[in-house]
Amino acid sequence: MTRNAEGALILAAALMAAFGVALVNIAGQQPIGADVALTFFVMVTAFGALHAAVRRWAPKGTPYLLPLAALLAAVGLSEIYRLNPEMASLQKWWILIGAGLGILTLWGLSSVGTQILRRYRYIMLLLAMGLLVLPLLPQQWPLPIRGLAVNGSRLWVSLDLGFIEMRFQPGEIVKLLMVAFLASFLAERQAALTMRTRKVGPFEFPEPRQMIPILVAWFASFGVMVYQRDLGASLLLFSAFIAMMYAATGRNTYLVVGGGLFTIGAAAAWSAFAHVQTRLEAWLVPFEHYETTGYQISNGIFALASGSLSGTGLGLGRPSLIAFAPTDFIFAAVGEELGLVGSVLILAMYALIISVGMGIALRSRDLFRKLLAAGLTFTFGLQSLLIIGGIVRLFPLTGITLPFMSYGGSSLVANFVLIALLIRISHEERV
Amino acid sequence: MNSPIRRLTLALLIGFCLLLANVVYIQAVAADRYRSDHRNARVQLARSERERGVMVDRSGAVLVSSEGQASTFLRTYPFGDLLGHPIGFSSLLFGDRGLEAAYATDLRSKQDLTISNVIAGILGNDLRPANLRLTIDVALQQVAAEALGDQVGAVVAIEPSTGAILAYVSTPGFDPALLIGGEAGPAGDTLDADPAEPLRDRVVNQLYAPGSIFKIVTTAAALESGEITVESTFSNPTALALPGSESTISNADGHTCGSGAEVSLARGFVLSCNTTFAQIAMTLGAGALEAQAEAFGFGSEIPFVFPVAESMFSPVDLADDLPALAQTSIGQRDVRVTPLHMALMVAGIANRGDLMSPYLVSEIIDGDGQIVTTTQPAPWRKASSESTALAITQLMVDAVNSGTGAGARIDGVQVAGKTGTAENPDQAPHAWFVGFAPADQPTIAIAVVVEFGGLAGDEASGGQTAAPIAQKTMERWLKP
Amino acid sequence: MTEFILALLKLIFIALLFLFVWQIARAIGSHLGGFERRTKSKPGSEIVFVRSDNQAGLDFTVDDVVVVGRSDQADIYLDDSYASEFHLRFSSIDGGLVLQDLGSTNGTYVNGRRIGSPVGLSKGDAVQVGKTVMEVR
């Protein structure tokens, strides 16, 4: 596929977003007007600019990721517009900001390449740690940057610039920084981790000394996230750790130990947090707890089932009956209005992004890039898998966002940067 | 280096295949089950936002209609609580009841986006909601409800020759509008908590001891047996000792059945003497009485638009228990009936032994006013021979003219009827009246029950309490 | 009639989504397929870092041209202070592996000998740059 085809598909995705918004208007018997044009304009501007940046700074980058991301954003934006037009206008701003940061990423790496990330790994680690504790800042103090408690979790940071107050979840960016740090660290120590081993029973472990920085990073991030009660994100980060160690060394030991640690962690979380027990219960028997804890999942399932094969049509279902529809449950809302066909297409888009991302990793010759691409793609894929799995009851529900579709600035921005990084890696590897 | 990454990719993609399987299960395989789950608010919302058809009474008076336009339809009930039970409601919070539930598919507009209905629309099919013409006469319904007043009970009036239901009253009633409006939650909770159970449809969903109106069944069994005629005589004690037990059966007033040592079946019926019918039953045996009860539909499901509680003759075999058989023959012991069933029974007598299937909807009418379906009267079962029915009719005429049923007399019209006063342990009796008129060419059959004696309490009797309600109702029908 | 139009629009929207995804999936499919075929017809040589301060164990495959150097623009980053920005080039020519020094400051050694002109490599050859040793496998 050529760059021109990429551009054409991005234009098509922008048209789809406008078409979606127009359908919502038609269904709501409102005049088709400014919102349609605005949506098209935002989509074309954001993804068009990103496309131009790729042409300039990563001309050999993969052409598949941007159109897929654009279409996911288009479907997500239409559905958010249908649920809550005000949220949709905010989402448009976030799409623009996210695309801007994606362009910034491409520009920033244009002269130095992704190797720069490799050199400054400890700075990234420190940055990640700093961002992680940001939400724990006092909620009331003189500095313009404050912690923020939302729904009992302290995941948010408020940046008060005087004229505008911006809120974001640093956890999403931390994810990227940690993956980049790990890729760099593992690329460096790969040989040491692979070769020098110490046998404990049937398992081979690397020299403990080699593991210290990783364990520190793991404990710190995991600890803080558990403290912040963001178990979904800690699970994601932890899985990314294990997956990348496994990718770097090929040792099953890491999977076994990771699985064990996960089980211990899950059991501990289950006994320590009431809301973890509630979620587990809501996952196993949502309909028996319909009035209380199972309400959200049950209604997600009702929404999907009501969509049936071809859906109710955009703007014609009742996705507003689902709690948290624009954020956690966007997949159920889309499934209701676009039906099984729509759900399967969404799943296919995520699967395609995973294939492309992992393809880049597989064909990368440089170890750092290989691990970075694999790590980024894995986090992206696992995040999609976990949240959709939570909605369709494959897993317990974790309160994480669906990349590119869910409403939420931090997540969008992080995923734009993630896609930009993958494109840059593919450009450097010319694959 | 690459094979672990390949395996990670594979793991993620397998995860997505599992997602795919789950989504297919939810959206295709089990979709119908989840979609129609009563807790899925979409089902109810979709209904309330769609236009629904109108219901009119037999003369065209509108009983319920959808007011408003395009997705903001509100069901309005001009007669309030008068017709709450038969019409029912389709409520987001309280589910579906009555004809609104039974004819939901016909009443609902098919103007939606289901593929089948869109295709039907393209083919030019009528997608507008259908309307129902009920057999109920709203004026008659009003008279019956007023006659029953604040008393708890039921009145069912039936056209004997067809089974068409003319009045369907269960008190206390409720206004369906309360259950579908914005205040539906609190209103429904109040109705639910009311000890008088206004949401219970007593016509089909409450079983009562019938008392003496069951003597119609005993009489039919006697006459059908061929061994006993209306002239057959029985002894006339003040209290009949029941064999094999210490207990006795006596008449309501505690005296003999009129004067004389012997009393005929006819006199026993007219004066509603328990002593006489206990002897008849013991002469006939349990088998014959039970067979006759079954012929009248005891223990059978009544074919009706709503589920009807099954009337019960006896849970145990009475063959070896003569005292129990004696008590059963006068409608006590374990005999339990619904008001609808008693109306059908007496309509069967009026219809010369043939019981008709009861129905509430006579026509389904499309958006253009064209009749789509007309209900054809259908016989349900043969309860007795014509001669037996005619003989019982004569007994019932006598009961009204010179016996317990005097309260049901109508000037210029011969009424046939039978009263019942069903005793309840430690509580006031249920007052019953069943009857029909005119006796020779019946156009209306009626069953009235006043629960626990109504306003009269312990003093209540079928003749004093229930018969006047039937009288007022039948008079309205015969002399509009 | 409006219902019919709405239903039609809905189906068009879904069909467009499908077309879009199908278009990309087909392109990715042919891309991946092409890659698979290429690797099968030309099984490239594998190079492993056997001695290195920071990169020991790293491996890469040469199935076309690979430039190794200290620059971030190089295909393979060489973490060795003695290496030049673009130090050397591996090329796969007609199934054979050819090594060329790109005018580096400190030179490239094959099995201990500094090379001047492009040389053919075979399995087991050791390529040394500064303190880093790569082996052909």
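With respect to the numbered conditions (1) modelled with pLDDT under 90; (2) touching a Gly at 6+ places or on another chain (Cβ under 9 Å); (3) of a type in the set (A, V, I, L, M), which one is the sole condition not fulfilled by residue B:249?
Of everything listed in (1) modelled with pLDDT under 90; (2) touching a Gly at 6+ places or on another chain (Cβ under 9 Å); (3) of a type in the set (A, V, I, L, M), residue B:249 misses just condition (2).
If you go through the range B:300-323 one residue at a time, how many are modelled with pLDDT of 90 or more and outside any loop (DSSP other than H, G, I, E, B)? Don't jump to the end; show me each part of the working.
Taking the range B:300-323 as the starting set, the residues that turn out to be modelled with pLDDT of 90 or more are B:300-313.
Those still in the list that are outside any loop (DSSP other than H, G, I, E, B) too: B:312.
Residues meeting the conditions: 1.
Taking the range B:4-62 as the region of interest, how many residues are at pLDDT below 85 and within 7 Å of another protein chain (Cβ to nearest Cβ)?
7
Considering only residues that are buried (at least 20 other Cβ atoms within 10 Å of the Cβ), within 13 Å of chain C (Cβ to nearest Cβ) and free of Cβ contacts under 8 Å to residues at least 60 places away in the same chain, which ones fall in the range A:20-47?
The one that is buried (at least 20 other Cβ atoms within 10 Å of the Cβ), within 13 Å of chain C (Cβ to nearest Cβ) and free of Cβ contacts under 8 Å to residues at least 60 places away in the same chain: A:22.
So is residue C:97 surrounded by 18 or more Cβ atoms within 10 Å (Cβ to Cβ), more than 24 Å from residue A:116 (Cα to Cα) and either over 17 Å from the mean Cα position of the chain (by Cα) or among the hydrophobic types (A, V, I, L, M, F, W, C) (or both) or not?
Numbers: surrounded by 18 or more Cβ atoms within 10 Å (Cβ to Cβ): yes; more than 24 Å from residue A:116 (Cα to Cα): yes; either over 17 Å from the mean Cα position of the chain (by Cα) or among the hydrophobic types (A, V, I, L, M, F, W, C) (or both): yes.
Yes, satisfied.
I'd like the full set of residues that are in contact with an Asp or Glu (Cβ under 9 Å, 6 or more places away or on another chain), under 24 Å from residue B:463 (Cα atoms) and charged (D, E, K, R), limited to the range B:373-411.
Within the range B:373-411, just B:411 meets the criteria.
Assess whether residue A:348 counts as being surrounded by fewer than 24 Cβ atoms within 10 Å (Cβ to Cβ) and at pLDDT 90 or above. Spell out how you get there, then give the answer.
Details: surrounded by fewer than 24 Cβ atoms within 10 Å (Cβ to Cβ): yes; at pLDDT 90 or above: yes.
Yes, satisfied.
Does residue B:297 satisfy the condition of being outside any helix (DSSP H, G or I) and buried (at least 24 other Cβ atoms within 10 Å of the Cβ)? Full working, then the answer.
On the way: outside any helix (DSSP H, G or I): yes; buried (at least 24 other Cβ atoms within 10 Å of the Cβ): no.
No: the conditions fail for residue B:297.
What number goes with the only condition from (1) over 28 Å from residue B:55 (Cα atoms); (2) surrounded by fewer than 20 Cβ atoms within 10 Å (Cβ to Cβ); (3) out of contact with any strand residue (DSSP E or B) (no Cβ under 9 Å at 6 or more places or on another chain) that residue B:329 does not pass?
Going through (1) over 28 Å from residue B:55 (Cα atoms); (2) surrounded by fewer than 20 Cβ atoms within 10 Å (Cβ to Cβ); (3) out of contact with any strand residue (DSSP E or B) (no Cβ under 9 Å at 6 or more places or on another chain) one by one, residue B:329 breaks only (2).
Any idea which of A:302, A:287 is closer than 27 Å to residue A:29 by Cβ and either aromatic (Phe, Trp, Tyr) or in contact with a Phe, Trp or Tyr (Cβ under 7 Å, 6 or more places away or on another chain) (or both)? Please lay out each step first, then the result.
On the way: A:287 fails: closer than 27 Å to residue A:29 by Cβ.
The conditions single out A:302.
What's the number of the condition residue A:50 fails, among (1) out of contact with any Lys or Arg (no Cβ under 6 Å at 6 or more places or on another chain); (2) of a type in the set (A, V, I, L, M); (3) under 26 Å from residue A:337 (Cβ atoms); (4) buried (at least 22 other Cβ atoms within 10 Å of the Cβ)?
Among (1) out of contact with any Lys or Arg (no Cβ under 6 Å at 6 or more places or on another chain); (2) of a type in the set (A, V, I, L, M); (3) under 26 Å from residue A:337 (Cβ atoms); (4) buried (at least 22 other Cβ atoms within 10 Å of the Cβ), the lone unmet condition for residue A:50 is (3).
Would you confirm whether or not the range A:254-275 contains a residue that is β-branched (Val, Ile, Thr), buried (at least 17 other Cβ atoms within 10 Å of the Cβ) and at pLDDT below 80? Talk me through it step by step, then tell me what you get.
First, pick out the residues of the range A:254-275 that are β-branched (Val, Ile, Thr): A:256-257, A:263-264.
Keeping just the survivors that are buried (at least 17 other Cβ atoms within 10 Å of the Cβ) gives none.
No, every residue in the range A:254-275 fails to be β-branched (Val, Ile, Thr), buried (at least 17 other Cβ atoms within 10 Å of the Cβ) and at pLDDT below 80.
Given the structure, is residue B:138 β-branched (Val, Ile, Thr), closer than 30 Å to residue B:479 by Cβ and within 20 Å of the chain's Cα centre (by Cα)? Working first, answer last.
Values: β-branched (Val, Ile, Thr): yes; closer than 30 Å to residue B:479 by Cβ: yes; within 20 Å of the chain's Cα centre (by Cα): yes.
When the stated conditions are applied, residue B:138 passes them.
Could you list, in sequence order, the residues of the range A:384-401 that are modelled with pLDDT of 90 or more and either more than 20 Å from residue A:277 (Cβ to Cβ) or more than 8 Å from every other protein chain (Cβ to nearest Cβ) (or both)?
Across the range A:384-401, the qualifying residues are A:384, A:385, A:386, A:387, A:388, A:390, A:391, A:392.
Quick one: which helices (runs of 4 or more DSSP H) sit completely within the range B:169-258 and have at least 1 residues that are over 21 Å from the mean Cα position of the chain (by Cα) and not hydroxyl-bearing (Ser, Thr, Tyr)? Can you show your working first?
Numbers: elements: B:176-180, B:184-193, B:202-205, B:215-225.
Because the criterion is at least 1 residues that are over 21 Å from the mean Cα position of the chain (by Cα) and not hydroxyl-bearing (Ser, Thr, Tyr), the helices (runs of 4 or more DSSP H) in the range B:169-258 that meet it are B:176-180, B:184-193, B:215-225.
Can you confirm whether the range A:272-292 contains a residue that is aliphatic (A, V, I, L, M), within 12 Å of chain B (Cβ to nearest Cβ) and in contact (Cβ under 8 Å) with a residue 40 or more places away in the chain? Walk me through it before giving the result.
Quick first cut of the range A:272-292, residues aliphatic (A, V, I, L, M) only: A:272, A:274, A:276, A:280, A:282, A:284-285.
Subset that is within 12 Å of chain B (Cβ to nearest Cβ): none.
Looking for residues that are aliphatic (A, V, I, L, M), within 12 Å of chain B (Cβ to nearest Cβ) and in contact (Cβ under 8 Å) with a residue 40 or more places away in the chain, one finds none in the range A:272-292, hence no.
Return yes when residue B:121 is within 14 Å of chain C (Cβ to nearest Cβ) and either modelled with pLDDT of 90 or more or not in a loop (DSSP other than H, G, I, E, B) (or both) and no when it is not.
yes
What strands (runs of 3 or more DSSP E) lie completely within the range B:333-422 and have 1 or more residues being crowded, with 17+ Cβ neighbours inside 10 Å and touching a Lys or Arg at 6+ places or on another chain (Cβ under 8 Å)? Explain how you work it out, then say what you get.
On the way: elements: B:354-356, B:361-365, B:371-374, B:379-382.
Fully inside the range B:333-422 and qualifying: B:354-356, B:361-365.
Return the residue satisfying two criteria in turn: it lies in the range A:308-331 and is of a type in the set (Phe, Trp, Tyr) and crowded, with 24+ Cβ neighbours inside 10 Å, and of such residues it is farthest from the other protein chains (Cβ to nearest Cβ).
Residues of the range A:308-331 of a type in the set (Phe, Trp, Tyr): A:324, A:329, A:331.
Restricting the remaining residues to those that are crowded, with 24+ Cβ neighbours inside 10 Å gives A:329, A:331.
Values: A:329: 13, A:331: 9 Å.
It comes out as A:329.
Scan the range A:350-357 and tell me whether some residue there is more than 7 Å from every other protein chain (Cβ to nearest Cβ), assigned to a helix (DSSP H, G or I) and within 30 Å of residue C:67 (Cα to Cα).
yes
This table checks each residue for (1) modelled with pLDDT under 70; (2) in a helix (DSSP H, G or I).
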site: A:142; (1), (2): no, no
site: A:162; (1), (2): yes, no
site: A:178; (1), (2): no, yes
site: A:182; (1), (2): no, yes
site: A:199; (1), (2): yes, no
site: A:205; (1), (2): yes, no
site: A:211; (1), (2): yes, yes
site: A:222; (1), (2): yes, yes
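Run residue A:404 past the list (1) part of a helix (DSSP H, G or I); (2) buried (at least 24 other Cβ atoms within 10 Å of the Cβ) and report the number of the one that doesn't hold.
Looking at each condition in turn, residue A:404 falls short on (1).
Please tell me if residue A:79 is crowded, with 17+ Cβ neighbours inside 10 Å and either more than 14 Å from chain C (Cβ to nearest Cβ) or in contact with a helix residue (DSSP H, G or I) (Cβ under 8 Å, 6 or more places away or on another chain) (or both). I'd like the intermediate steps shown before the answer.
Working: crowded, with 17+ Cβ neighbours inside 10 Å: yes; either more than 14 Å from chain C (Cβ to nearest Cβ) or in contact with a helix residue (DSSP H, G or I) (Cβ under 8 Å, 6 or more places away or on another chain) (or both): yes.
Here the answer is yes, as residue A:79 does meet what is asked.
Considering only residues that are closer than 15 Å to residue C:127 by Cα and of a type in the set (A, V, I, L, M), look in the range C:69-95 and name the one that is nearest to the other protein chains (Cβ to nearest Cβ).
C:76
Answer with yes or no whether residue B:212 is in contact with an Asp or Glu (Cβ under 7 Å, 6 or more places away or on another chain) and polar (S, T, N, Q).
Values: in contact with an Asp or Glu (Cβ under 7 Å, 6 or more places away or on another chain): no; polar (S, T, N, Q): yes.
So residue B:212 does not fit the description; no.
Checking the condition over 18 Å from residue A:240 (Cβ atoms), buried (at least 24 other Cβ atoms within 10 Å of the Cβ) and of a type in the set (Val, Ile, Thr), which residue from A:423, A:419 passes?
Values: A:419 fails: over 18 Å from residue A:240 (Cβ atoms).
Going through A:423, A:419 in turn, the sole match is A:423.
Look through the range A:333-348, keep the residues that are more than 8 Å from every other protein chain (Cβ to nearest Cβ) and among the β-branched types (Val, Ile, Thr), and return whichever of them is farthest from residue A:322 (Cα to Cα).
A:346
The values are calculated or read from the model by the stated rules, or taken from the named source; none is laboratory data. This structure is a prediction, so every number in the text was calculated from the model and none was measured. Quick reminder, even Gly has a Cβ in these numbers, built from the backbone with ideal geometry, and neighbours come from all protein chains shown.
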